[in-house]
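Colleague: Here it is: the structure, laid out below.
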Amino acid sequence: MWRNTVGFSSKLLAASKSSSSLRLPLLHHGAVTRSTSTAAGSGPESTEAAGSVKLGFSSGSPGSSAVDLSSFAAAASVLKSRDVVDFAKHYGRCYWELSKARLSMLVVATSGAGYVLGSGSAIDYMGLCCTCAGTMMVAASANTLNQVFEVKNDAKMNRTKRRPLPSGRISIPHAVTWAASSGIVGTALLASKANMLAAGLGASNLVLYAFVYTPLKQIHPINTWVGAIVGAIPPLLGWAAASGQVSLNGLLLPAALYFWQIPHFMALAYLCRKDYADGGFKMFSLADASGQRTAAVALRNCLYLLPLGYLAYDWGLTSGWFCLESTLLALAISCTAVSFYLNRTTKDARRMFHASLLYLPVFMSGLLVHRVTESEQQMTIENSIKIVEMSSSLESTEGSQENRKKQSVGGGQRRPPVSYASVAPFPFLPAPSYATP
Ligand SMILES: CC(C)=CCC/C(C)=C/CC/C(C)=C/COP(=O)(O)OP(=O)(O)O
């Protein structure tokens, strides 16, 4: 369709160069034909507008040439603006698809969640927006390069053959230019508005995805694990952008993403086995005809998701509610993996795939909703210290009538153990341990 429009525009340009062929575009262009025909029965404005076009056809007198030209200019400008719109639509769509925009938005969501988790009590919303925009551009660049390197493979796969490069809607140099500009601008944005650590993580991840993972797909099934690292880095990037460092707490969401991707991609590679084989990719599932090892690997990684909720709580990142929610969520995806392991049918693989689609947004939302801010953490630490002090003082004064009496009348500011139970978010869980600041 775009090619038609381009062809048509060049006809118009050729026509505009030769004044004798003014009729050509006018006869062919729907918009002008429309305004000519509506002139008869419409109001004064349209009559006037259409009239000028009519004059162009009917009058051969010398005096009418100025009108001819003005009507042609009007028609040409209508055409031009249409061309511009079509041009923008065409390339906008190509860039959107080259960037794998929906995947990139998911990447941005993980990076944004990392940013919020890595922020102290107050979130810098401007910093968050710039980090998200920078991540989006670098991810778009990485995804475009991935498609540039896989044009021939993508052309052989049903799932990917309609992408802009294999379908010939955009040229390779054009796609490379898009990748280079979005990669450079995105990295520069991260460097200037976040920090060098975030920019470095973004740029290294681009290299890892486009220049290591992408060729590995055609060499060895280990590619899935390398790809899982690529998917795990954006939340770390977000954390680094907010806090300026990479710390143990900051690894929780990346760990979830890493383990989550294995069942997700195992299910996808199992469901699209034939397609991947046609494309020349060496996926794990292709060397596993029964699907048993594929299902076992998926199940193992689902089980690795189980302790993450507890760790988030224990490290003071979230309240105890998240521990409960995350564990239930991990159990649910593990159940689908068990079912896939036992039956190894397409239906079970699809169920595990759908469970993985649900897992990530719910896990991330839970993490953000039950996030414990720095000031809340501080309060809990102070309460824990009070409890430790109180229990040691109780031990040292055991047997002393005098002190017992003091305790019974209030014991100064100290509170009995029951008050700790009411302070702790989940009394039935062990008290969170914090590194002393
Ligand atoms: C900041 C930054 C650079 C982020 C990049 C994040 C990113 C692109 C994550 C995607 C991870 C991944 C393994 C996708 C599958 O690619 P695939 O090649 O298997 O997908 P395909 O078969 O659909 O092409």
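Colleague: Tell me the residue from Y270, Y258, Y276 that is outside the structural domain of A109 (by the TED database), among the aromatic types (F, W, Y), part of a helix (DSSP H, G or I) and more than 12 Å from the ligand (Cβ to nearest atom), please.
Modeller: Just one listed residue meets the conditions, Y270.
Colleague: Being surrounded by fewer than 23 Cβ atoms within 10 Å (Cβ to Cβ) and either away from the ligand (no atom under 11 Å from the Cβ) or not hydrophobic (A, V, I, L, M, F, W, C) (or both) is the filter here; which residues of the range 191-207 pass it?
Modeller: Passing the criteria: A191, S192, K193, N195, M196, L197, G200, S204.
Colleague: Give the residue, chosen from A109, A180, A113, A140, that is among the small types (G, A, S) and either near the ligand (Cβ under 10 Å from one of its atoms) or without any contact (Cβ under 8 Å) to a residue 12 or more places away in the chain (or both). Steps first, answer last, please.
Modeller: On the way: A109 fails: either near the ligand (Cβ under 10 Å from one of its atoms) or without any contact (Cβ under 8 Å) to a residue 12 or more places away in the chain (or both); A180 fails: either near the ligand (Cβ under 10 Å from one of its atoms) or without any contact (Cβ under 8 Å) to a residue 12 or more places away in the chain (or both); A113 fails: either near the ligand (Cβ under 10 Å from one of its atoms) or without any contact (Cβ under 8 Å) to a residue 12 or more places away in the chain (or both).
Of A109, A180, A113, A140, the one residue that is among the small types (G, A, S) and either near the ligand (Cβ under 10 Å from one of its atoms) or without any contact (Cβ under 8 Å) to a residue 12 or more places away in the chain (or both) is A140.
Colleague: While we're here: For residues in the range 270-283 being surrounded by fewer than 22 Cβ atoms within 10 Å (Cβ to Cβ) and among the hydrophobic types (A, V, I, L, M, F, W, C), which is farthest from N301 (Cα to Cα)?
Modeller: Out of the qualifying residues, it is A277.
Colleague: Return the residue satisfying two criteria in turn: it lies in the range 229-238 and is of a type in the set (A, V, I, L, M, F, W, C) and more than 7 Å from the ligand (Cβ to nearest atom), and of such residues it is surrounded by the most Cβ atoms within 10 Å (Cβ to Cβ). Before the answer, list the steps.
Modeller: Restricting attention to the range 229-238, the residues satisfying the condition of being of a type in the set (A, V, I, L, M, F, W, C) are 229-230, 232-233, 236-237.
Then keep just the ones that are more than 7 Å from the ligand (Cβ to nearest atom); that gives 229, 232, 236.
Values: I229: 17, A232: 21, L236: 24.
The qualifying residue surrounded by the most Cβ atoms within 10 Å (Cβ to Cβ) is L236.
Colleague: Please verify whether G168 is buried (at least 22 other Cβ atoms within 10 Å of the Cβ) and in the same structural domain as C94 (by the TED database), treating the condition exactly as stated.
Modeller: On the way: buried (at least 22 other Cβ atoms within 10 Å of the Cβ): no; in the same structural domain as C94 (by the TED database): yes.
Spelling it out, it is not the case that G168 is buried (at least 22 other Cβ atoms within 10 Å of the Cβ) and in the same structural domain as C94 (by the TED database).
Colleague: How many residues does the range 140-163 contain that are buried (at least 18 other Cβ atoms within 10 Å of the Cβ), in a loop (DSSP other than H, G, I, E, B) and over 20 Å from the mean Cα position of the chain (by Cα)?
Modeller: Of the residues in the range 140-163, 2 are buried (at least 18 other Cβ atoms within 10 Å of the Cβ), in a loop (DSSP other than H, G, I, E, B) and over 20 Å from the mean Cα position of the chain (by Cα).
Colleague: Let me ask something else about it. For the structure I just gave you, tell me whether S285 is out of contact with any Ser or Thr (no Cβ under 6 Å at 6 or more places or on another chain), away from the ligand (no atom under 12 Å from the Cβ), touching a residue at least 12 places away in the same chain (Cβ under 8 Å) and polar (S, T, N, Q). Steps first, answer last, please.
Modeller: Values: out of contact with any Ser or Thr (no Cβ under 6 Å at 6 or more places or on another chain): no; away from the ligand (no atom under 12 Å from the Cβ): yes; touching a residue at least 12 places away in the same chain (Cβ under 8 Å): yes; polar (S, T, N, Q): yes.
So S285 does not fit the description; no.
Table: residues versus (1) of a type in the set (S, T, N, Q); (2) farther than 27 Å from A242 by Cα; (3) without any contact (Cβ under 8 Å) to a residue 40 or more places away in the chain; (4) in a helix (DSSP H, G or I).
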{"residue": "A295", "(1), (2), (3), (4)": "no, yes, no, yes"}
{"residue": "A312", "(1), (2), (3), (4)": "no, no, no, yes"}
{"residue": "E325", "(1), (2), (3), (4)": "no, no, no, yes"}
{"residue": "I333", "(1), (2), (3), (4)": "no, yes, no, yes"}
{"residue": "S356", "(1), (2), (3), (4)": "yes, yes, no, yes"}
{"residue": "G366", "(1), (2), (3), (4)": "no, no, no, yes"}
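Colleague: If you don't mind, there's one more thing I want to ask. Filter the range 307-324 for residues that are touching a strand residue (DSSP E or B) at 6+ places or on another chain (Cβ under 9 Å) and not polar (S, T, N, Q); which is surrounded by the fewest Cβ atoms within 10 Å (Cβ to Cβ)? Break it down stepwise before answering.
Modeller: So the first thing to find is which residues in the range 307-324 are touching a strand residue (DSSP E or B) at 6+ places or on another chain (Cβ under 9 Å), and the list is 309, 312, 317-319, 322.
Those still in the list that are not polar (S, T, N, Q) too: 309, 312, 317, 322.
On the way: G309: 27, A312: 27, L317: 20, F322: 25.
My answer is L317.
The values are calculated or read from the model by the stated rules, or taken from the named source; none is laboratory data. Small disclaimer: the values here were computed from a predicted structure and weren't measured. Note that each Cβ is placed from the backbone with ideal geometry, even for glycine, and that neighbours are counted across all protein chains shown.
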